[in-house]
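Contents: one structure, followed by commentary.
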Amino acid sequence: MARIALIAGSTGLIGNQLLLLLLEASEYDKVIALSRKPLELQHPKLENVILTIDQLDQLATLKADDVYCCLGTTIKQAKSKEAFRKVDFDYPVALAKMLKHNGAQQFLLVSALGANKNSAIFYNQVKGEVEDAISKLGYNCFHILRPSLLTGPRKEKRAGEDIAKVVYKYLGFLIPNRYKSIESIKVARAMQTLAKENGTGIFFHESEVMQRY
């Protein structure tokens, strides 16, 4: 039976690649992509919903079977802890609540390596808190993906990523698989594959496991 997918963060590193995968996937007859600006991409299965982070009430009318949350920023980009938390906690939780109320069965969340609500590191703490909050909403299936440093076709340059590429090139054999950088397309493929399994429960997927996708 054909299904509907919804992607939040469809213009980001993982979300953009995931969107292309899902549009070509036979299991979906519609893919809803949330974005702040109109997407340049055109596809007969694509429904592009334009909204900002302050227009969450518009989510109340959306329905989907599978929800893919690829939202994420950095404190540098957000410019404050409050703004960071709004993107990485408030919005994903609001999305999860509204779509669950409207009948969604699966939620797939891109979290991060080291996510822990009790962490002394603010970034990891928020990632852990959003995992915990969504896990309590009662989805039939909740997949939590915790990638390490992401590499891929970013629109903006990140110095840390360039440094990591050099380190991994020469010292990668010394670094445990869990901490090695991972290509964003592998995370996107993992999300697509996991959703097709139609499992029941809460599942954690660490970075080293996603390397095989």
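Below is a table of values for the structure above.
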item: Burial ordering of D90, D57, fewest other beta-carbon atoms within 10 Å first; result: D57, D90
item: Gyration tensor (alpha-carbon) shape descriptor, the range 1-67, a/c threshold 1.5; result: oblate
item: Most positive-pole-ward Cα, T151, G12, Y139, against dipole of the chain from beta carbon charges; result: T151
item: Residue among S181, S111, S119 with the largest mean-square fluctuation in a Gaussian network model of the chain, springs linking Cα atoms under 10 Å; result: S119
item: Sites S26 and E208, calculated FRET efficiency, Cβ-Cβ separation with R0 25 Å, nearest 0.05; result: 0.25
item: Sorted by Cβ density within 10 Å, fewest first, the residues H101, H143, H43, H205; result: H101, H43, H205, H143
item: Sequence of S135, S26 once ranked by neighbouring C-beta atoms within 10 Å, starting from the fewest; result: S26, S135
item: Distance from the range 1-55 to the range 111-152 (C-alpha centre basis), Å; result: 22
item: Where labels lie 7 Å past Cα in the beta-carbon direction, separation of K196 and K180 in nm; result: 2.4
item: Spin-label pair T73/R36, simplified geometry with 7 Å Cα→Cβ offset, distance in nm; result: 0.6
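Bear in mind these aren't lab numbers, they're just calculated from the coordinates by the rules spelled out. In this text, all values refer to a predicted model and were calculated from it rather than measured experimentally. Cβ: placed from backbone, ideal geometry, glycine included. Neighbour counts: every protein chain shown.
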